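Engineer: One structure is given below, represented as C-alpha cells, and several questions about it will come after.
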Amino acid sequence: MGFFFGKRRSLDQRKNENGMGKKQLLLILCTLVLVGGAIVAATSLFHAKAVEANRNALTNDLEYFAAKAREFYWRPSVLGGGNRSFAEATSSKISMASSNSNGRFFIVGSPTKDEIVIRGVGKVGMGKDSTQVQVIVNEQYTTFQILH
C-alpha cells in the first residue's frame, strides 16, 4: 500500500500541511491586495500629472496669445492694430490659433477698449471636466485664472 501512495503520513502531519497551505494562500491574497492598491495609486498619480502638464501647456499658450493681444493693442490702426483698444480684436487679428495639441482657445465675450479675455480648454481632464485656464489682458497687466 505504501508503494502506490507514497509514505504514510499521520493525521498531525496532514493538519500541519493544510495549515501551511492556508498561510501561503493568505500571503498571496495580501500581496495581490497590496499590488492592486499600488497600481491604482500609480494610475491616479499619472493622470494627475497629465492634467497638471496640460494646464501648464495651456498657460504657456495663453501667455503667448496675451502678448499678441497686447501687441495688437499698441499697434496703430493703419498697421492693422487696435490703436490702444482691444475692442476690434479677433482671433485672426491677434494670430490666435483656435486649437492645437494642448487644447482649444477662444475669446470670451466681446473685447472692450480696455480688456480682452482669452480662454483655453485642455484636452486632458478629470472625468467630464476638462482643464480650463483663462487670461485677462489689459494695457499693463496679464492675469491668469485657473477655472478647472
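Every number here is computed from the coordinates shown, using simple stated rules; none is lab data. These numbers were taken from a predicted model, which means no experiment stands behind them. Cβ: placed from backbone, ideal geometry, glycine included. Neighbour counts: every protein chain shown.
Engineer: Using DSSP to call loops (not H, G, I, E or B), can you name the trypsin sites (Lys or Arg not before Pro) in region 75-147 whose Cβ has at most 11 other Cβ atoms within 10 angstrom? Write out the running numbers ahead of the final one.
Structural biologist: Numbers: sites: Arg84, Lys93, Arg104, Lys113, Arg119, Lys123, Lys128; in loops: Arg84, Lys93, Lys113, Lys128.
The qualifying sites are Lys128.
Engineer: Only helical DSSP H runs with n ≥ 4 go in: add -39500 (n - 2.57) per run for the chain, normalise by residue count and round the 222 nm mean residue ellipticity to 500 deg cm²/dmol.
Structural biologist: Details: 2 runs with 68 residues, N = 148.
Estimated from H runs of four or more residues: -17000 deg cm²/dmol.
Engineer: In the chain, which longest range has no GluC sites (Glu not before Pro) that are both DSSP loop (not H, G, I, E or B) and surrounded by at most 15 other Cβ atoms within 10 Å?
Structural biologist: On the way: sites that count: Glu88, Glu139.
It works out to 1-87.
Engineer: Hey, another quick one. Which angle from 0 to 90°, rounded to the nearest 10, does the C-alpha axis of helix 11-74 make with the longest principal axis of the chain?
Structural biologist: Tilt of helix 11-74: around 10 degrees.
Engineer: Could you give me the percent of Cα pairs per 10 Å distance bin for the chain, shortest bin first, beginning at zero and ending with the bin that holds the maximum distance?
Structural biologist: The distribution over the chain is 10, 26, 17, 10, 8, 7, 7, 6, 5, 3, 1, given as percents.
Engineer: Can you give me the relative contact order of the chain as a percent, contacts being Cα pairs under 8 Å and 6 or more apart? Don't jump to the answer; show the numbers that get you there.
Structural biologist: Working: 199 pairs, mean separation 25.1, N = 148.
Answer for the chain is 17 percent.
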